[in-house]
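The values are calculated or read from the model by the stated rules, or taken from the named source; none is laboratory data. Note that this is a predicted model, so its numbers are computed, not measured. Note that we place each Cβ from the backbone using ideal geometry, even for glycine, and neighbour counts take in every protein chain shown. SASA here: full protein model, heavy atoms, side chains in, ligands and nucleic acids out. Shrake-Rupley method; radii C 1.70, N 1.55, O 1.52, S 1.80 Å.
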Amino acid sequence: MDNQLITYFQDNVAPDKSEVRQIWGIFWGQLKIFMTYRTWVVTDTFNTIVSIAIYYFLSLQVQPSQIAASGYGTSYLAFSLIGIAFANYLWFCINRISHSMQSEIREGTFETIASSPIRMRSYLFGQAARGFLVGLYYMVGALAVGVYGFNAPLHFEPAALLTSSLVLVFMVLSHLGLGIFIAGIVLVYKQADPVTFMVSLFMEFFAGALFPLQLLSNYPPLAIASELMPYTYALDALRKSLIQGATLASQDILFDLAVLVVYAVILLPLGLWSFNVGYDRIRTEGTTSSY
Amino acid sequence: MESDKIIQMLQEPTVRSKTTLAEKAKAFIVRDFKIYWTYKFWVVFDVIDIAILVATYYFVAQIITPAHLVAEGYSSGDYFTFAMLGIAFSQYVQNSVHGLTEGVRDEQWTGTIETILSSATSYRSYLLGASLFRFLYGTIILVGALGLGLLIGGKVILTPSTLATGAVFALLLVSGHLAIGAMSAGIVVMIKRGDPIAWGFTWLTQLVSGVFYPLGLLPWYLKWVGFALPLTYSLDGIRRTFMNGETFFDSAVLQTDLVALIAFIIIMVPLSLQVFAWAYRRSQRQGTLGQY
Amino acid sequence: MNDHSIETIGITKEYPGKEKPLVAVDHTDLLIRSGELFGLLGPNGAGKTTLIKMLCTLILPTEGTAKVGGYDIVKEAAKVRETIGWLHGETGGRALYWRLSARDNLRFYAYIQNVPSDVARKRIEALLEFFDLKREADSLVKDYSTGMKVRVMLARTLLPNPPILLLDEPTVGLDAQTAIETRKLIQTLNRELHKTILLTSHNLYEVEKLCERVAIINTGKIVALGTMDQLAHLIHEAKTVEVRLEGTDGEAATQIIQQLDLIRRVMMSERSGDGWIIRAEVSDLDSAIPRIANALAGNFRIRGISEIRPHLEEIFVKITEGNNHG
C-alpha cells in the first residue's frame, strides 16, 4: 500500500509556474464554490427583478422633461436602470474580492494560499475574474428585465453593445485597484462589508445613478467630488451608448474612456502596493488567520 | 493543580432561581453592546450610509411631480418628506430583521447558539434578547436620519398629538417586525443561510409597501401583497400623521391602519414563535443546530 | 544542490502586549539536518506554532532569521514556499474549502502549488486511495467527519511532493487505525524519499516512536534537545523502581519500603489483578533493588523488582515544569 503510493512521488517533476494557470485555478475553484450556493443565486435573481420593478414604479412619478434636460433621453427607467445595474455590477466585482478574502481568512484557507508558491497578484486576479463573470449574469439579467419586462428604451444594436462592452471593461479595470485596496483592508481588519457598501453608495450618489448630475451644480463641493469619481465617466459613456446609441466615433465617449484608462493606470499599482503593505502587516502581527 | 478549589466551589449547593426577564434583557443588551463595541467604527458607516440615501432622494425629489402624492391623499405633495419617512422607517425595521437573522447566523457559525439554547434560557427570551440591542441601535440611527432629513428641507408637522400618534405606529411596526424577524430566524436555523432571505424580504417590502412611491401606482395584485405587510400600514399612518397632521381621532384612514396593524400582530406573533420552535426542534432532531 | 535542512538563527518573534511585549519565540537556534525526522514538543502557547508559521513565511520574525532548504524565510520567501509542505492539523480541517469535494480541493491545490495537471491527476487518485477517501471523493468536505478532513489535509500537503514537511499535529482527530497508517507513511516518507520532516504532536508516544531527535520548547525557548536517550539522562532524579508482589495486600510492604533511607517517595501503591504494584522514586538505583529485595524477603512473595525508564511524557513534564518554576 505504502510502496504503491511512494512510486508516484519518486519522480522529480518540474513545476508548472504559468501565472495564467494559477489565475485559472483560483477562478475555477471559486466558481465551483459559488455554484454550491444555489439559494443565493435564486434569491439574488429575484432581488434583481424586484429592484428593477421598484425603479419602474418610481419612474412613473418623474417628469420626463427633467430627464431630457440632462441629455439622456426622456425615460427615467432607462436612466436609473443603467445607473443601478452597472453600479451593482461594480459593487459585486469589488465586494467579491474582499468578501472571499474575509471568508478565506475566517476559514483558515488563506494561510494555505499564502504559504504556497502562488503569487498574490494571481490570487487577486483569479478572485476578481470570478466576480466579473458572476456579476455579468446579474447585470445582463437586470438590463434584460428592464428592456423586455418594463419596456425601458435601450439601444441594443451591435455598435452600441460593442461600445458599452468596451466601456464596461475599462470601468472594471479602473475600479479593480480599489477592490484590491479594500481587500488589503480586510487582511488587516478582517471585515470590510460596511466599507464596500458605503463605497458603492458614494459611487451611486456622486456619479448620478438616480438623478441628473446637473442638480449638483448648485453645490460646488459635491459637483467636484462627482467629477473625481471614475464611475461618473463610465456611467456617462454607458448612458450615451445604450440610451442614445452613441459609438466609439463620439468624442465624448473617447474622452470618458481616456479618463477610465488614466484611473486604471494610477489605481491598479496603488491597490496592489497597498495590499502588499497590509499583507506584510498581518505577517508581522501574526494574524494570517483569525479563529 | 488547583482542582481542589474548583471541587470545593462546586460542592456548595447552587440556588437556581429564575433570572427575571429584565435581568436577561439587560444581559443580552450588554453582551451585544460589547460585541458591537469591538466594531465601533462601523457606526460611522451606518450613519454615512443613511445620510447618502437621504441626500440621494433629496435630489431625486427635484425631478418628481407631486401629482401622484396629492392624488393618494398626502396633501403637501412633498416627495422628499415622503421618501425620507419611507426610507428611514423601512431601514429601521429591515435592520432589525437583518440584525436578528445575522445574529442567529453568527451564533451558528461560532457555535454559541448551542451553548445558549442548552442553557436555562428559553428560545423566546433568546429571540427577544437578541433583537433588543438592534432595535435600540436602530432607533438612534432612525432619529439621526430624520434629523438630517429635516435639516436639509424635509417638512413635517410636529405637535404633541402627531408625535404620540407617530410613536404608536412606530411601536406597532416594531412589534410586527419582531414577529417577521423571529420567523426568518427560524428559517435561518433550519436552512443555515441568513442573508438571502433577509435581503429578499427587504426588496419585497420596498416594492410593495410604498417606500419610494404611493401605492396607487402599483397594479392591484402587488397592492394586495402590500396589504399583508405591517410596513405598508405603518408607513401610510406615519406619513399621514406627519405630512397631513392627522391623528387617530379625526382620521378614518389612520383608524383602519391601526386596526390592520393590531390584527397582524395578534396573528403573527404566536405564529412566528411556533415557526421558530418548529424549526428549532427540527434541527435538534437532525442534529444540525450548530452546523455551518 | 540538495540542502533540505532547516536552520533557525537567533529567530525571535515578539507581539506587542499591554504592558511589555509578549515574546512568543525567543532567540532560538535550531538545526534540523537534511533528511532528518525531528520532533518539536512544548505545552500550549510555548511558541511551536509561531515558530512553524515563521518557517512557512506566514509570520515575519522580529529578529533573527531562518533558512529553509537553504533559502532565507524573509528574503527568499517565494523559494521557501516552493520547498515546504505545511500541515496544520489543529485546525481540524478548517483550512479546507468545505464547499468543494476532496478531489476538487486537491485539484485546486495542484493549481496553486504549480503541480502539472497530468502528474496531479495521478497523484490525486493515489492519495485518495491511500487515505481511504475514494468513495466520498466527490461529496463536499463540509459533510466529512473530522478524521476525513484531516486525511484530506494530509493528502493536500503531500500532493506537491515537497522535500521539507512541516507537520503540525498531523494525527490530531484521526482514528487509531488511520493514525497508525499515517505514522507509517511519515516514516516511509522520511526513510525512502529522504524528506526532512519537522513534527509536532501532543501525542508524545508518536514523537517518541518516530523521531530521531526531539527538542522541547517552552515560553519561546528550546529548553532541551537531543535523542531520546540523551533526554532521559537529563533528568537524573527520574530513577524509579517498580516492585511487583504476589497477593492482594500490599499495604504492609509499602510501609516497609517507605521506611528505607534511599526511598525518596512512594509514587504508587495499588492492587493489580491478583497482585500488587508499588512504584517508588529512589536516590540510588544500583543499591535500591537489592535493599528492597532484602527488606521484603521472607514476609512477601516478590514477583519482580525492576527499573522503569522514564517516558517522554515524564521527561516533558519534568523539563517544562522545572523551566516554569526556575
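In order along the stretch B:68-81, the phi-based Karplus estimate (6.51 cos²θ - 1.76 cosθ + 1.60, θ = phi - 60°) of 3J(HN,Hα) comes to 5, 5, 4, 4, 7, x, 8, 4, 6, x, 8, 5, 4, 4 Hz; Gly and Pro are listed as x.
Tell me the total accessible area that A and B bury against each other, 1.4 angstrom probe, in square angstrom rounded to 100.
Working: alone 15730 and 15860 Å², together 28010 Å².
Approximately 3600 Å², summed over both chains.
Under 5 Å from the amide H of C:Leu165 lie the amide H atoms of C:Gly85, C:Thr196, C:Ile197, C:Leu198, each residue being 5 or more positions distant or on a separate chain, with H modelled from the backbone and absent for Pro and chain starts.
So, taking all protein chains as they sit and a 1.4 Å probe, how much accessible area belongs to A:Phe86, in Å² rounded to tens? Solvent-accessible area, nearest 10 Å²: 10 Å².
Once you average over the residues of C:56-63, how many Cβ atoms of partner chains fall within 10 Å of each Cβ?
Average per residue, whole number: 5.
By the equivalent-ellipsoid construction on the alpha carbon gyration tensor, the stretch C:4-233 comes out with semi-axes of 29, 20, 18 Å, ordered largest to smallest. Here is the list for the stretch C:1-47: trypsin sites (Lys or Arg not before Pro) lying in DSSP coil, each with at most 15 other C-beta atoms within 10 angstrom of its C-beta, are C:Lys18, C:Arg33.
Taking each pair of different alpha-carbon atoms in the stretch C:160-312 once, compute 1/r for the pair, average those values, and report the inverse of that mean as the Kirkwood hydrodynamic radius in Å to one decimal.
Numbers: mean 1/r = 0.0538 Å⁻¹.
18.6 Å is the Kirkwood radius here.
Once you charge only the Cβ atoms, +1 for Lys and Arg and -1 for Asp and Glu, what is the size of the charge dipole of the stretch A:213-291 about its Cα centre, to the nearest 20 debye? Computed charge dipole of the stretch A:213-291: roughly 120 debye. By how many degrees, 0 to 90 and rounded to 10, does the Cα axis of helix C:285-296 deviate from the longest principal axis of chain C? The helix C:285-296 is inclined about 40 degrees to chain C. Checking every one of the GluC sites (Glu not before Pro) in the stretch C:14-83 against DSSP loop status and a limit of 16 other Cβ atoms within 10 Å picks out C:Glu19. The P(r) of the stretch C:237-309 has a tail past 22 Å containing 10 percent of all C-alpha pairs. Rolling a 1.4 Å probe over the protein chains gives B:Val188 an accessible area of about 0 Å². Within the same chain, lysines fewer than 8 places from C:Lys239 are excluded, and of the rest, those with a Cα less than 27 Å from its Cα are C:Lys209, C:Lys221, C:Lys318. Of the trypsin sites (Lys or Arg not before Pro) found in the stretch A:6-97, those in coil by DSSP whose Cβ has at most 14 other Cβ atoms within 10 Å are A:Lys17.
With all protein chains in place and a 1.4 Å probe, the accessible surface of the protein assembly as shown carries 60 percent carbon and sulfur. When chains A and C come together, the accessible area they lose, probed at 1.4 Å and totalled over both chains, is close to 4500 Å². Taking every protein chain into account, the 1.4 Å probe leaves C:Tyr109 with about 10 Å² of accessible area, to the nearest ten.
Percent of Cα pairs in chain A per distance bin of 10 Å, from zero to the largest separation: 6, 25, 31, 21, 11, 4, 2, 1, 0.
The mean of 1/r over all distinct Cα pairs in the protein assembly as shown, once inverted, gives the Kirkwood hydrodynamic radius of 32.2 Å.
When only the heavy atoms of the protein chains count and the probe is 1.4 Å, how do C:Ile11, A:Ile243 rank by accessible area, highest first?
Details: C:Ile11 0, A:Ile243 20 Å².
In descending accessible area the options line up as A:Ile243, C:Ile11.
Please tell me which of these pairs span more than 23 angstrom C-alpha to C-alpha: B:Lys34/C:Lys20; C:Lys20/C:Lys48; A:Lys17/C:Lys79? Flagged as over cut-off: B:Lys34/C:Lys20.
Taking the three principal axes of the alpha carbon atoms in the stretch B:127-277, the coordinate ranges are 45, 35, 26 Å, sorted in descending order. The residues of the stretch B:49-65 occluded by other protein chains by 30 Å² or more of accessible area, set against the chain on its own, are B:Asp49, B:Ile52, B:Thr56, B:Tyr57, B:Phe59, B:Val60, B:Gln62, B:Ile63, B:Ile64, B:Thr65; surface from heavy atoms, 1.4 Å probe. Against chain A, whose longest principal axis is taken from its Cα atoms, helix A:120-144 shows a tilt of about 40°.
Principal-axis analysis of the Cα atoms of chain A puts helix A:251-285 at an angle of about 30° to the longest axis. As a rough guide to protection, the peptides A:107-120, C:218-231 ranked by mean Cβ packing within 10 Å, highest first, stand as A:107-120, C:218-231. No solvent, one uniform scatterer per C-alpha: report log10 I(q)/I(0) for the stretch B:21-286 via the Debye equation at q = 0.12, 0.14, 0.15 1/Å, two decimals. Log-scaled intensity ratios, in q order: -0.75, -1.00, -1.12.
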